[in-house]
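Q: The following block contains the structure, expressed as structure tokens.
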Amino acid sequence: MRIRTFRGASMTEVMDRMRRDLGPEAIIISSFDMDDGEVEVRAAIENAPAIRLVSETFDRPERRAAPMLQIGRAREQIEDLLTWHGVPQGFAQALSRAGLTLTHTDPMAILTAALEQTLHFAPIDPTQTGALVLVGPPGSGKTALAAKLAVRAAAYGVRPHLISADFSRPHAAAQLAGLAQMPVDAVRRASSLADLLSALQTPRSPREPVIVDMGPLNPFDDDDLALVSEVTIASDAEPILVMSAEGHPADQDDIADLFAGRGIKRMIVTKLDAVRRRGGAIAAAARARLALAHLGVTPFISGGLAPASAGRLARLLLDSKPDFTLARGVA
């Protein structure tokens with residue numbers, strides 16, 4: 001058996017190199033999302049023939065496309081998987097076709113390639129120097145997320161400034177401080193929009209980013225949505241949509257679209273550990289053209305936030321559906 005390790009910026013790039021170097025019969029042993037954002041794949045091929053020198057060139061096996069029957073079976077099963085996750089049928093069909101434009105027959109490779117071609121991924125730099133405003137509907141987990149981002153920044157030697165902007169809950173600042181393991185007076189409470197804008201315009205060191213935990217916003221209320229526009233127009237802060245993986249896919253789709261209409265470019269999906277069907281929020285991000293920044297995969301404040309990537313998302317979708325395997329002869 002011949003085993004090789006490949007690394008690259010994307011799963012598509014790595015898979016192309018693997019097929020080129022080892023041939024179409026190569027199988028994936030393991031795949032990892034590395035801390036530097038690259039993808040690492042270990043692949044093997046049985047009974048690898050010795051390389052012969054013919055006419056001063058290496059004789060390499062020709063790249064062959066997977067048989068059409070296998071491709072059809074894989075497409076159907078990936079589509080069924082995505083539909084089970086709550087992905088709308090049309091989007092599920094598009095994803096399954098995108099993943100099979102290459103000669104992939106491994107389910108992880110199919111999903112990863114499809115997600116890379118369909119979604120955008122833009123994780124937040126832990127040492128980012130600007131201001132982030134976390135917005136979203138009630139119950140989306142913004143306060144816990146603000147604490148997770150603060151703890152992660154502190155681990156990188158950055159001193160984050162937390163602002164609680166839940167205008168209707170005076171004790172929200174204390175809750176945020178407790179989750180972030182900070183003294184209560186270390187979290188500033190903004191009691192009004194004017195107070196929040198004043199806090200955002202306060203000069204700070206480049207090594208002191210600001211994380212704002214906005215109060216819950218009703219996406220179907222024009223006045224609530226107007227707050228997002230007012231904050232972004234009056235400051236340099238970036239609003240980020242926080243959406244729970246819980247909820248009806250059609251509602252998630254509407255929510256993402258409404259917030260995207262207010263200039264939001266990135267989204268974080270929370271509570272992925274609390275649901276089995278995880279496709280609604282993913283499809284909503286794609287339709288609204290929102291880049292996925294992070295995935296909330298555990299309830300724990302420390303280490304509970306994973307940078308979003310195609311490979312990590314594919315693994316979450318595959319692992320949560322019970323007894324998912326491709327048909328015999330496909331994988």
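The values are calculated or read from the model by the stated rules, or taken from the named source; none is laboratory data. Keep in mind that what you see is a predicted model, and the values were worked out from it rather than measured. Ideal geometry is used to build each Cβ from the backbone, glycine not excepted, and the neighbour counts take in all protein chains shown.
Q: Going residue by residue through the range 298-318, is there one that turns out to be part of a strand (DSSP E or B), without any contact (Cβ under 8 Å) to a residue 40 or more places away in the chain, closer than 30 Å to Ala26 by Cα and touching a helix residue (DSSP H, G or I) at 6+ places or on another chain (Cβ under 7 Å)? Break it down stepwise before answering.
A: Taking the range 298-318 first, the residues part of a strand (DSSP E or B) are 305-307.
From the residues that got through so far, the ones that are without any contact (Cβ under 8 Å) to a residue 40 or more places away in the chain too are 306.
Filter once more, keeping what is closer than 30 Å to Ala26 by Cα: 306.
Filter once more, keeping what is touching a helix residue (DSSP H, G or I) at 6+ places or on another chain (Cβ under 7 Å): 306.
So far as the range 298-318 goes, yes, one or more of its residues are part of a strand (DSSP E or B), without any contact (Cβ under 8 Å) to a residue 40 or more places away in the chain, closer than 30 Å to Ala26 by Cα and touching a helix residue (DSSP H, G or I) at 6+ places or on another chain (Cβ under 7 Å).
Q: If you check every pair at least six apart or on different chains, which have Cβ atoms under 6 Å apart with a residue in the range 247-264 that is among the basic types (Lys, Arg) first and a residue that is surrounded by fewer than 16 Cβ atoms within 10 Å (Cβ to Cβ) second?
A: These pairs meet every condition: Arg262/Ser229.
Q: Please find, among Ala94, Ala114, the residue that is at pLDDT 80 or above and either under 15 Å from Met15 (Cα atoms) or among the polar types (S, T, N, Q) (or both). Break it down stepwise before answering.
A: On the way: Ala94 fails: either under 15 Å from Met15 (Cα atoms) or among the polar types (S, T, N, Q) (or both).
It is Ala114.
Q: List every residue pair whose Cβ atoms sit under 9 Å apart, with the two residues 6 or more apart in sequence or on different chains, where the first one lies in the range 1-13 and is in a helix (DSSP H, G or I) and crowded, with 16+ Cβ neighbours inside 10 Å and the second, anywhere, is modelled with pLDDT under 80 and among the polar types (S, T, N, Q).
A: Met11/Ser31
Q: For a quick check of your reading: which strands (runs of 3 or more DSSP E) sit entirely within the range 179-248 and have at least 2 residues that are assigned by TED's automatic domain parsing to the domain that holds Gly280 and within 25 Å of Ala260 (Cβ to Cβ)? Even if it seems obvious, please write down each step before you answer.
A: Working: elements: 187-189, 210-214, 238-244.
In the range 179-248, the matching strands (runs of 3 or more DSSP E) lie at 210-214, 238-244.
Q: Please go through the range 123-161 and pick out each residue that is among the hydroxyl-bearing types (Ser, Thr, Tyr) and either surrounded by 18 or more Cβ atoms within 10 Å (Cβ to Cβ) or within 21 Å of Ile255 (Cβ to Cβ) (or both). Break it down into steps so the answer makes sense when it comes.
A: First, pick out the residues of the range 123-161 that are among the hydroxyl-bearing types (Ser, Thr, Tyr): 127, 129, 140, 143, 156.
Matches in the range 123-161: Ser140, Thr143.
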